[in-house]
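Asker: One structure is given below, represented as structure tokens, and several questions about it will come after.
Please treat every number below as a calculation from the coordinates, not as lab data. Treat the numbers as computed from the prediction; the structure is a model and nothing was measured. Using ideal geometry, Cβ is built from the backbone for each residue, glycine included, and neighbour counts are taken over all protein chains shown.
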Amino acid sequence: MEGLTLDTLVSLAKRRGFVYPGSEIYGGLAGTFDYGPMGVALKKNIEQLWWNRFVATRDDMYGLDSSIIMPEAVWKASGHLEGFTDPMVECEKCKHRFRADHVEGEKCPDCGGKLSAARQFNLLFPVEMGAASGGTTTGYLRGEIAQGMFVNFKNVIDSFHPKLPFGLAQSGKAFRNEIAPREFLFRVREFDLMEFEYFIRPDMWEERFEYWRKEMWAWIEEVGIDKEKVHELEVSADDRAHYSKRTIDFEFDFPFGRKELYGLAYRTDYDLSRHGEASKENLTYLDEETKEKFVPHVIEPTFGLGRTVLAVLASAYREDELGGEKRVYLALPPAVAPVKAMVSPLLKNKPELVAKAREVREMLRKVNPAIAWDDNGNIGKRYRRQDEIGTPYCVTIDFDTLEDNTVTVRDRDTGEQKRVAIADLSSTLF
Ligand code: GLY
């Protein structure tokens, strides 16, 4: 919808239980958000769709779920201890900190005080491990999930002997000590990523880069992100991450501006070579046919899961008029909608309607568990509630149902209703 504001999305997210501010009863914790009952369902559906598309249905992809805490050695070898930084300035008066590239001039935007010279601020979160008496060991919450794939490269090679090209994939939490978290789910300190490292022979890189670029567009369409609002940006050498030789950002027109949604990077053999040197493990690949031994190169598509949730919500948000009344609905693809269908007895004080509706719901739940029940208020209000969370269909059991075993099925987007035999309901809905 044109003119959609972030405030509108934030308030829908809160009202309908998608996303709440983190630790809100204590005033909130900057850069953290908690997913509510609808948000967690949406997020898990997106993650599952991603996993099915890029991992489960492919023979060349191997899934992982690696640890969040990793030792300092990993981050030293990966270059993050040195290079994973943002320039920071601090106000000499109020001590507030800002990203140097987010403020203009030399005055503090909050109090007008003088800002310090910029210094590099490392985004990794250290964690002290072990009892203090024997001295603690410093580990780090992972700043990117990619390193879990590089440190397990040898394990997967040893267990499965995959042939190049192949990928290691995972989704999970990453942590960045952002100087200035902002824009809702966009820039946060704790977030979810989905990504894979696709290992190739060096001479394949351009061809595979193109292949994954197209696949990322196919994903954008499948998950329900408005393609018209997505734009590729060739990232300049100065702006690329320290490990990348080429990066394309997929930017999305968020309500607060055009910002990075996904990234596609050619990481060369940078990570495996560095980990091979630092760990003294053999991280080469042996081509059985040519007997050639080399360190594979890597193409890396990265998908922010929270940013996907935000882009999917922004793409799905609609306001229209139905039956002379204004309404809000989310035109979510059924595969990601938190609730697939809502079942409802027309009147909640008629036991025969309630019993029949319960029977229908249980029948549908055997096919898909995400079937809601709502018998509160009048039927129009029930429809509106489901519209706001993007439920594709509402099924109503009325007195005709008791006579002829048909129900009404209401379509979210058009508001139109049709009668469907209970026997055909599952094939109509799913
Ligand atoms: N692995 C790339 C990123 O986390 O941005």
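Asker: First measure r as the distance between the Cβ atoms of L164 and T85, then evaluate 1/(1 + (r/R0)^6) with R0 = 41 Å and state the FRET efficiency to the nearest 0.05.
Answerer: Numbers: r = 33 Å, r/R0 = 0.82.
In this case the efficiency is close to 0.75.
Asker: A further question follows. If R0 is 35 Å, what FRET efficiency do you get for E319 and K350 from their C-beta distance, rounded to 0.05?
Answerer: 0.55
Asker: So how do K381, K259 line up by other beta-carbon neighbours within 10 Å, fewest first? Please list the in-between numbers first.
Answerer: Working: K381 11, K259 16.
Placing the least packed residue first, the sequence is K381, K259.
Asker: For the chain, what does -39500 (n - 2.57) per DSSP helix run (n ≥ 4), summed and divided by total residues, give at 222 nm, in deg cm²/dmol to the nearest 500?
Answerer: Working: 13 runs with 133 residues, N = 430.
After summing the helix terms and dividing by residue count, I get -9000 deg cm²/dmol.
Asker: Sorted from largest to smallest, which semi-axis lengths in Å does the alpha carbon gyration tensor of segment 339-429 give for its equivalent ellipsoid, taking the root of 5 times each eigenvalue?
Answerer: Numbers: eigenvalues 59, 46, 32 Å².
Value: 17, 15, 13 Å, ordered largest first.
Asker: How much net charge surrounds G263 when only the other residues with a Cβ under 9 Å from the Cβ of G263 are counted, with Lys and Arg +1 and Asp and Glu -1? Don't skip to the answer; put the middle values down first.
Answerer: Values: positive: none; negative: E195, D249, E260, E300.
Here the charged neighbours net out to -4.
Asker: Work out from phi, with θ = phi - 60° and the Karplus expression 6.51 cos²θ - 1.76 cosθ + 1.60, the ³J(HN,Hα) of each residue of segment 190-202, listed in order in whole Hz, and give x for Gly and Pro.
Answerer: Those phi angles translate into 10, 8, 10, 10, 10, 7, 9, 9, 9, 8, 9, 6, x Hz.
Asker: Check D374: other-chain or 5+ apart residues with amide H under 5 Å from its amide H, H built from backbone geometry?
Answerer: Long-range HN contacts for D374: V343.
Asker: Here is the link list: K245/K280; K76/K280; K229/K259; K44/K366; K14/K381. Which ones come out longer than 22 Å on Cα distance?
Answerer: As for pairs spanning more than 22 Å Cα to Cα, those are K245/K280.
Asker: Hey, what angle do you get for helix 205-223 against the long axis of the chain, alpha-carbon based, 0 to 90 degrees rounded to 10?
Answerer: 30
Asker: Sticking with this one: Report the full-extension gain for the segment K214 to D65: residue separation times 0.36 nm, less the Cα-Cα distance, to one decimal in nm.
Answerer: On the way: separation 149, 0.36 × 149 = 53.64 nm, distance 2.59 nm.
Result for the pair: 51.0 nm of gain on full extension.
Asker: What whole-number distance in Å separates the alpha-carbon centres of segment 215-239 and segment 335-355?
Answerer: Each part's Cα centre sits 38 Å from the other's.
Asker: To continue, here is another question. Treating the beta-carbon of each Lys and Arg as +1 and of each Asp and Glu as -1, no other charges, what is the dipole magnitude of the chain about its Cα centre, to the nearest 20 debye? Don't skip to the end; give the middle numbers.
Answerer: Values: 59 positive and 71 negative charges, 249 e Å.
Roughly 1200 debye, rounded to the nearest 20.
Asker: If you line up the long axis of helix 37-51 against the longest principal axis of the chain, both from Cα atoms, how many degrees apart are they, to the nearest 10?
Answerer: The answer is roughly 60 degrees.
Asker: Which angle between 0 and 90 degrees, to the nearest 10, do you get for helix 6-15 versus the longest principal axis of the chain when only C-alpha atoms count?
Answerer: That helix lies at roughly 60 degrees to the long axis.
Asker: Rg and Dmax of the chain, using alpha carbons, in Å: what are they?
Answerer: 25.3, 79
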